[in-house]
Structures are given as C-alpha cells and as structure tokens.
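To start, the structure under review is shown below, and the notes come after it.
The values are calculated or read from the model by the stated rules, or taken from the named source; none is laboratory data. Worth saying up front: this structure is predicted, and the values here are computed from it rather than measured. So basically every Cβ, Gly included, is an ideal-geometry build from the backbone, and we count neighbours across all protein chains shown. These area figures cover heavy atoms from the full protein model, side chains too; ligands, DNA and RNA do not enter into them. Shrake-Rupley method; radii C 1.70, N 1.55, O 1.52, S 1.80 Å.
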Amino acid sequence: MDDGIAAARRHFPAKAEAISERASRDTVFGEICRDFAEAKTELAKWEVSMDPQGAKRCTEYRELIAALANEIEAALDSAEVILLHRPPSKGSR
C-alpha cells in the first residue's frame, strides 16, 4: 500500500476503506494523500530539529497537515452517495 494512503487511513481509521477505494480511482486524491504523508514526515523531522527555525517550521507543517486533512475529508464527504430510494428493476413487481 502506498505510504500516502496508509497515512490517510491511520488519520481517518473510520474512513479507511473509503480512502483506499477513492485513491484507487482518483489520482489527484492519491497525490493529496501523499502530500499529507510527506508533511507528517517533515513535521516529525522538525520536531526533533535543533534548528532555530524549528518551531516556525513545525507550525507551518501543522497548518499544512490540517489543511490537507480537511481536503481529504471533504473529498471523501463529496464522494459519499446515499441511496434514498432504489427504483424497481425492470421485470420485478
């Protein structure tokens, strides 16, 4: 499994199957998940960095992660289809 998809599935465990399904048919969604995973990896590096810019970079990556998580969630929500009424099939009564 792609690292990006795995990261999104860990972040949204209740939507893990929907994430895999969406990523299998939507390359842009998969790229967003990969960006999400990369941002989480970079945040982890900055969290242990002794660089004077570390705190600033951590804030930036946390904001990016939150924005990407929102984008992932919005994409999943827009893909949900709720069948309210199933039309009768031809030949059945």
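Residues of segment 1-17 being touching a residue at least 12 places away in the same chain (Cβ under 8 Å), open to solvent by 60 Å² or more (accessible area, probe 1.4 Å) and assigned to a helix (DSSP H, G or I), which ones? Matches in segment 1-17: 3, 11.
Looking only at residues in segment 41-68 that are under 24 Å from residue 21 (Cα atoms) and out of contact with any helix residue (DSSP H, G or I) (no Cβ under 6 Å at 6 or more places or on another chain), which one is surrounded by the fewest Cβ atoms within 10 Å (Cβ to Cβ)? Checking each candidate, the answer is 66.
Contact map, segment 34-63: residues that are closer than 21 Å to residue 10 by Cα and in a helix (DSSP H, G or I) paired with residues that are open to solvent by 80 Å² or more (accessible area, probe 1.4 Å) and modelled with pLDDT under 95, Cβ distance under 7 Å, separation 6+ or inter-chain. Pairs shown: 37/3.
Enumerate the pairs (first residue in segment 18-33 and more than 13 Å from residue 74 (Cα to Cα); second residue anywhere and open to solvent by 30 Å² or more (accessible area, probe 1.4 Å) and of a type outside the set (Phe, Trp, Tyr)) with beta-carbon separation below 6 Å, excluding pairs fewer than 6 apart on the same chain, so at least 6 apart or on different chains. Going by the 6 Å Cβ cut-off, there are no qualifying pairs.
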